Amino acid sequence: MTGRTHPVDRGLVEAAEHVARTRCRGDNHTVAAAGRAPDGRIVTAVNAYHFTGGPCAELVLVGAAAAQGVYDLDTIVAVGDRDRGVIPPCGRCRQVLLDYFPAVHVIVGAGERLREVPITGLLPESYVWAAHQLDAPGAPVPDRTGNGTGADVGAGEAAPPASD
């Protein structure tokens, strides 16, 4: 992971550390996350552990932000309880963050090595879900003929049945 990094939002790290220290209790809530909205607001959340695969703090944060009317985040960080420090997002969280907030920066590293990196830096060669939806601009027209891209089928026009 190379390239230019942004200055670290220490206030955001401190907010997540505070929530981890004061709200994470026992085995059900062990990680706190904090996100900064473009207007400067900070939204926080904790994970909801469950043996069936409860959501990580970053995913709970996405919902908590929406519940507070925040639909965009500039920066996000997750912090472990018991002074475990900054925790990088897992693969599932990286993908969800990319899909919800493609320009978000994530705080990773430890101590003096803390840095903010774009989510795309954590997911090289990433799959962007929105780019693969049929209604996305520039999306290929589905091939219903079995003979090419389907670009020859006009809007509202049925494709001829595929021949076997």
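Some observations on this one:
- Based on the Stokes-Einstein relation at 4 °C and a viscosity of 1.567 mPa s, and on the Kirkwood radius from alpha carbon pairs, the range 36-75 is assigned a translational diffusion coefficient of 123 µm²/s.
- Cα gyration tensor shape for the range 1-115, rounded if a/c is under 1.5, else prolate or oblate: rounded
- Cut-off 12 Å between beta-carbons: net charge of the residues surrounding Tyr127, Lys and Arg +1, Asp and Glu -1: -1
- Cβ-based net charge around Gly11, under 13 Å, with every Lys or Arg adding one and every Asp or Glu removing one: -2
- Derived from the Cα gyration tensor, the three semi-axes of the equivalent ellipsoid of the range 49-95 are 19, 14, 11 Å, largest first.
- Projected label distance in nm at His132 and Asp83, using a 7 Å step from Cα toward the beta-carbon: 4.4 nm
- Across the range 34-82, Cα pairs under 8 Å and at least six residues apart give a relative contact order of 42 percent.
- Simple spin-label estimate for Asp72 and Asn28 gives 3.6 nm between the two label positions (7 Å along the Cα-to-Cβ direction from each Cα).
Only the coordinates and a few stated rules stand behind these numbers; no lab work does. Keep in mind that this is a model prediction, so the values were computed, not measured. Neighbour counts are summed over all protein chains in view; Cβ atoms, including those assigned to glycine, are modelled from backbone coordinates with ideal geometry.
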